[in-house]
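Read the structure below first, then the notes.
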Amino acid sequence: MRLIPIPREEYEAYRLNLMFDCYKWDPQFLDHNTIAKYALVITKEEHEQLSEWTEKLDEETRAAELVLNGDRKLAGPLALPKKLSKELQRMDNYDPGGHVRLMRYDFHPTTEGGWAVSEVNSDVPGGFAEASLMPEEARIRLKESSLWYINFGDILVKAIADKVPEGGRIMLVHCTSYSDDRQVMQFLGDALKEKGFHVIYGAADHIHFREKQAHSILDGNEGKLDAIIRFTPLEWLTEIRPKKWDGYFDTTTVSCNHPVAIYAQTKRFPLVWDALEQKGVCLDTWRKLLPDTLEVKDAKGKEGYIYKPACGRVGENISIKEACWEGEYDKIMKDVKRHPKKYLAQKRFYSRPLAGQDGEQYHVCLGSYTVQGKHAGYYARITESQRIDSNAADIPVLIERSGERDDR
């Protein structure tokens with residue numbers, strides 16, 4: 001794994017192309033540029049290992065979801081919000097074959113020479129355009145014919161097309177006032193339109209459910225839907241509370257992702273592993289790659305543990321002390337003490353930094369997707385901090401070619 005700089009004389013044009021041609025509408029977070037000046041290159045061997053682990057993790061995760069959904073008493077340690085837990089009872093009709101399953105597993109190279117997984121983005125993983133269009137833009141600038149990439153968007157669109165009738169009506173559900181959400185949905189919507197689907201952009205409350213079928217209530221787009229692609233996090237629905245939000249849990253309309261995703265989305269997922277293994281679920285790959293995870297109370301007095309919010313996203317509120325802004329660490333620790341069930345304790349791993357061209361050191365989070373259980377590409381972010389959070393920059397992932405040409 002290494003960083004290759006985008007040529008300095010090419011970078012501004014590269015950045016503009018990503019913004020205007022590749023749906024990268026959020027190139028800045030506060031004072032931080034979120035488009036890296038590098039491409040991340042992994043070896044063929046690294047790709048093969050990550051791909052294998054990703055598919056094994058996915059197999060284990062989906063098996064765990066089915067057992068948890070069949071015996072929800074096992075899910076107690078997940079400490080899901082009460083409003084959400086109540087609606088899980090509606091998922092008795094869940095049929096994994098009737099929906100599109102998308103997940104992203106976040107890998108980190110460690111100073112010990114191996115890899116650690118920090119989490120699975122099981123519910124609504126993002127990074128669609130960055131994992132599909134950004135690598136080609138980088139490859140053009142680098143003029144490296146020996147590098148290739150996986151187009152995640154092509155794989156996801158094919159999976160949707162396999163489940164939805166030709167010309168079907170698909171609503172892309174997202175928080176419509178946020179451009180960073182809309183850019184993800186716009187990329188996917190344009191790709192689906194090219195395949196002949198009728199795409200509707202809407203919010204969670206623009207769907208009503210009748211006889212477990214989803215229907216659009218948007219002016220000019222009323223009627224039955226053939227699929228729901230949801231980018232609004234499930235726990236947010238409990239706060240938004242659209243009138244018919246409970247229908248998402250038992251709809252027979254094709255969904256990506258179905259709410260069954262919440263079991264693994266919470267970072268407290270490892271706290272049910274012992275019970276799952278007693279039910280025959282294999283979690284060997286998870287055990288190998290995820291650092292030891294405990295209840296907050298069980299980590300008291302133990303060295304080397306950090307605290308993470310159970311429903312946290314984009315690295316928010318993780319207690320890596322040297323990565324926290326002034327006053328943040330104390331604020332996090334107060335909240336951990338006040339609400340221990342909303343957090344977990346996890347053994348800290350140390351990320352192995354990659355060298356930049358001017359002596360900088362960057363830490364990387366390499367997200368590895370699955371669609372329908374198969375590896376489907378990469379989305380990566382880098383930062384100079386040990387914590388990969390909103391300040392991180394998106395970086396394209398390219399794979400070294402060896403042997404015969406791979407045309408994927």
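The values are calculated or read from the model by the stated rules, or taken from the named source; none is laboratory data. Just so we're clear, the structure is a prediction, and the values are computed from it rather than from any experiment. Here the Cβ is made from the backbone with ideal geometry for all residues, glycine too, and neighbour counts use every protein chain on show.
Results, tabulated for the structure shown:
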| item | result |
| --- | --- |
| Selection count, segment 18-54, where residues are assigned to a helix (DSSP H, G or I) and surrounded by fewer than 18 Cβ atoms within 10 Å (Cβ to Cβ) | 9 |
| Single unsatisfied condition, Ile140 versus (1) farther than 22 Å from Pro270 by Cβ; (2) of a type in the set (Val, Ile, Thr); (3) at pLDDT 95 or above; (4) not in a loop (DSSP other than H, G, I, E, B) | (3) |
| Scan of segment 345-360 for residues that are of a type in the set (D, E, K, R), modelled with pLDDT of 90 or more and farther than 15 Å from Lys321 by Cα, ordered by number | Arg352, Glu360 |
| The one condition in (1) surrounded by fewer than 20 Cβ atoms within 10 Å (Cβ to Cβ); (2) at pLDDT below 95 that Ser319 fails to fulfil | (1) |
| Any hit, segment 75-91, residues being among the aliphatic types (A, V, I, L, M), more than 25 Å from Ser255 (Cα to Cα), assigned by TED's automatic domain parsing to the domain that holds Ala380 and under 23 Å from the mean Cα position of the chain (by Cα) | no |
| Residue among Asp335, Asp389 that is farther than 23 Å from Gln49 by Cα, acidic (Asp, Glu), surrounded by 14 or more Cβ atoms within 10 Å (Cβ to Cβ) and modelled with pLDDT of 90 or more | Asp335 |
| Residues of segment 303-340 that turn out to be touching a helix residue (DSSP H, G or I) at 6+ places or on another chain (Cβ under 8 Å) and either of a type in the set (Lys, Arg) or part of a strand (DSSP E or B) (or both), as a count | 4 |
| Qualifying residue in segment 351-371 (condition: loosely packed, with under 14 Cβ neighbours inside 10 Å and not in a loop (DSSP other than H, G, I, E, B)) | yes |
| Test set (1) under 21 Å from His198 (Cβ atoms); (2) at pLDDT 95 or above; (3) buried (at least 23 other Cβ atoms within 10 Å of the Cβ) - Asp226 fails condition number | (3) |
| Those residues of segment 332-366 which are more than 19 Å from Gly304 (Cβ to Cβ), touching a residue at least 24 places away in the same chain (Cβ under 8 Å) and polar (S, T, N, Q), in sequence order | Gln357 |
